[in-house]
Ligand code: S3P
C-alpha cells in the first residue's frame with residue numbers, strides 16, 4: 001500500500017503537459033483493432049485501465065507492438081477477432097468492460113469478462129439491456145446484472161435505443177455493436193455525453209449521423225486504419241487547473257491537452273467561480289487540442305447541475321475541492337451517477353472533505369459545500385478510487401500541517417506520474433516549472 005504525504009504548497013508557476021486522454025486511448029486501440037490495416041497511435045496513456053484494453057485485444061488475436069511507453073502499433077483485424085485464450089480481465093476499467101460488451105456481442109464465439117472488486121460492483125445492466133434487444137446473449141454471473149459477464153456472440157440487428165442515462169460508455173457499446181448489426185442502430189441520450197467514439201469513427205472514415213441527442217450508425221461498414229495522436233487528458237489536467245485557480249498569484253499553462261467541448265465543462269465552471277482562464281485551440285481535426293492558461297484568484301461558489309453534469313462527471317471530485325476553497329455555498333446536484341463510479345464518490349468526497357474540516361452536506365444526487373474555511377491536514381483513504389486520491393492530495397496543498405492519502409496505487413489506472421508532478425509543485429518558487 002503506497003501512502004502520500006502532502007503539505008501546504010507554494011504558488012504554482014509552471015508550464016506542464018499531462019499524460020494522454022484515458023477515454024481516447026481506449027478507443028484508439030479498439031477502433032484500430034477493428035480497422036483494416038496498421039496504425040500507429042502516439043500519446044497513448046500507458047495506465048492500467050488502457051493496458052487492460054490493450055491486453056484484451058491481444059487476447060483476441062490482435063498484434064500490438066509497444067514502440068515506447070506512449071507509442072503503439074496496432075494491426076487491425078477487419079472486425080474479425082479470434083476466440084480469447086481465457087477470461088478477459090478488465091481490471092478496474094468500466095470503459096473496457098462496457099465497450100468490449102458491444103464488440104464481443106457480434107463475434108461468433110464465447111467470451112467471459114471479469115473485473116476487480118470495484119468493477120464487479122458496477123451496473124452492467126445498462127449495456128446488457130440494449131445489446132440484448134439487438135440479439136446479443138449476455139449472462140451476468142454477478143448479482144443484479146453485474147460482472148463477470150459471459151457473452152455468446154452472434155448476429156445482431158439494429159435498434160433505436162432511448163438511453164435512460166447520459167453515458168458515453170452505454171452509447172459507445174451500442175454504436176460499436178451497431179457497426180456489426182443488420183440495418184441502422186441509433187442511440188438517443190437524455191443529455192450530451194462525451195462524443196469521442198463518434199469523432200473517432202469519423203476519423204476512421206465511418207461517419208455516424210447526428211441529429212440533436214440522437215446518434216446513428218449503419219451496420220456493415222469497414223473502418224479504415226489511420227494513425228492517431230492522443231491529446232493530454234483534461235481530466236488529469238483538472239487537478240492542477242483547480243490547484244492553480246484557487247491559489248491567488250499562481251499561473252499555470254497546460255499544453256497539448258484535449259479540448260473536446262464535451263469535456264471542457266471544468267473550464268466553464270472555473271470561469272464562473274472567478275478564475276482567469278484562457279483556452280487556445282491549436283488543432284481541431286480528430287480531437288480538438290491546445291493549451292489552457294489559468295491564473296489563480298479568490299474563488300467564489302457556484303452551482304453545477306443539469307446538462308453540465310455529464311461534461312464534468314469525472315471532474316466533480318476535484319470541483320468539490322474547488323468548492324471547499326471558494327467563498328460561499330456551492331451546490332452540486334443531478335449527479336447521482338457519481339454513486340456508481342469506481343466508488344460511491346458522493347459518500348467518499350463528503351467523508352474525506354469533512355476530515356479536512358470542510359462543511360459538506362450530502363444529498364442523494366450531489367452535495368452542498370460551504371467553502372472558504374481554514375483547513376487542517378487530514379489522514380484520508382482513497383476508497384480505491386484514483387480521482388478521490390488525487391482530489392484529496394490537492395486539498396492537502398491548501399491545508400495546514402500534513403495530509404496523508406492512503407492506498408494510492410489506484411492512481412495508476414489513469415495518471416501514472418501524478419505524485420511526481422505533485423512533488424514538483426510542492427517546491428517553492430520557479431523550481432516547480
Ligand atoms: C467514459 C465515460 C464516463 C466517464 C468515464 C469514461 C468513457 O462514464 O465517467 O470515466 O470513456 O466513455 P459513463 O459513460 O458511465 O458516464
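The values are calculated or read from the model by the stated rules, or taken from the named source; none is laboratory data. Note that the structure is predicted; figures quoted are calculated from it, not measured. Neighbour counts run over all protein chains shown; Cβ positions are idealised from the backbone, glycine included.
Of the residues 349, 331, which single one is modelled with pLDDT of 95 or more and crowded, with 24+ Cβ neighbours inside 10 Å? Matching residue, one of 349, 331: 349.
If we scan segment 189-201, do we find a residue that is away from the ligand (no atom under 15 Å from the Cβ), at pLDDT 95 or above, surrounded by fewer than 18 Cβ atoms within 10 Å (Cβ to Cβ) and not assigned by TED's automatic domain parsing to the domain that holds residue 414? So far as segment 189-201 goes, no, none of its residues is away from the ligand (no atom under 15 Å from the Cβ), at pLDDT 95 or above, surrounded by fewer than 18 Cβ atoms within 10 Å (Cβ to Cβ) and not assigned by TED's automatic domain parsing to the domain that holds residue 414.
Within segment 409-418, the set of residues being surrounded by fewer than 23 Cβ atoms within 10 Å (Cβ to Cβ) and either modelled with pLDDT under 95 or in contact with a helix residue (DSSP H, G or I) (Cβ under 7 Å, 6 or more places away or on another chain) (or both) comprises 412, 418. Across segment 56-71, a minimum of one residue is classified as closer than 22 Å to residue 238 by Cβ and either at pLDDT 95 or above or outside the structural domain of residue 114 (by TED's automatic domain parsing) (or both). Being at pLDDT 95 or above, surrounded by fewer than 16 Cβ atoms within 10 Å (Cβ to Cβ) and not in a strand (DSSP E or B), is that true of even one residue in segment 383-394? Checked against the condition, which is being at pLDDT 95 or above, surrounded by fewer than 16 Cβ atoms within 10 Å (Cβ to Cβ) and not in a strand (DSSP E or B), segment 383-394 yields no hits at all.
Being in a strand (DSSP E or B), modelled with pLDDT of 95 or more and either under 18 Å from residue 230 (Cα atoms) or not assigned by TED's automatic domain parsing to the domain that holds residue 422 (or both) is a condition met by at least one residue of segment 258-267. Within 19 Å of residue 358 (Cβ to Cβ) and either within 16 Å of the ligand (Cβ to nearest atom) or surrounded by fewer than 23 Cβ atoms within 10 Å (Cβ to Cβ) (or both): is that true of residue 319 in this structure? So residue 319 passes the test. The listed residues are 348, 378, 391, 355, and the only one of them that is more than 25 Å from the chain's Cα centre (by Cα), closer than 18 Å to residue 239 by Cβ and assigned by TED's automatic domain parsing to the domain that holds residue 314 turns out to be 378.
Within 14 Å of the ligand (Cβ to nearest atom) and closer than 19 Å to residue 106 by Cβ - does that describe any residue in segment 218-231? Among the residues of segment 218-231, not one is within 14 Å of the ligand (Cβ to nearest atom) and closer than 19 Å to residue 106 by Cβ, which makes the answer no.
Here segment 106-118 is the region considered, the condition is being in contact with a strand residue (DSSP E or B) (Cβ under 6 Å, 6 or more places away or on another chain) and within 18 Å of residue 26 (Cα to Cα), and the residue that is farthest from the ligand (Cβ to nearest atom) is 114. Among the numbered conditions (1) surrounded by fewer than 24 Cβ atoms within 10 Å (Cβ to Cβ); (2) out of contact with any strand residue (DSSP E or B) (no Cβ under 8 Å at 6 or more places or on another chain); (3) not in a helix (DSSP H, G or I), the only one that residue 51 does not meet is (3).
Checking every residue in segment 275-283 against the condition of being more than 16 Å from the ligand (Cβ to nearest atom), touching a residue at least 24 places away in the same chain (Cβ under 8 Å) and under 20 Å from residue 166 (Cα atoms) gives zero matches.
Is it the case that some residue within segment 236-254 is touching a residue at least 12 places away in the same chain (Cβ under 8 Å), assigned to a loop (DSSP other than H, G, I, E, B) and surrounded by fewer than 20 Cβ atoms within 10 Å (Cβ to Cβ)? So far as segment 236-254 goes, yes, one or more of its residues are touching a residue at least 12 places away in the same chain (Cβ under 8 Å), assigned to a loop (DSSP other than H, G, I, E, B) and surrounded by fewer than 20 Cβ atoms within 10 Å (Cβ to Cβ).
Step by step: first the residues of segment 149-177, then only those that are closer than 17 Å to residue 81 by Cβ and outside any loop (DSSP other than H, G, I, E, B), then the one that is nearest to the ligand (Cβ to nearest atom). Which residue is that? By that ranking, first place goes to 173.
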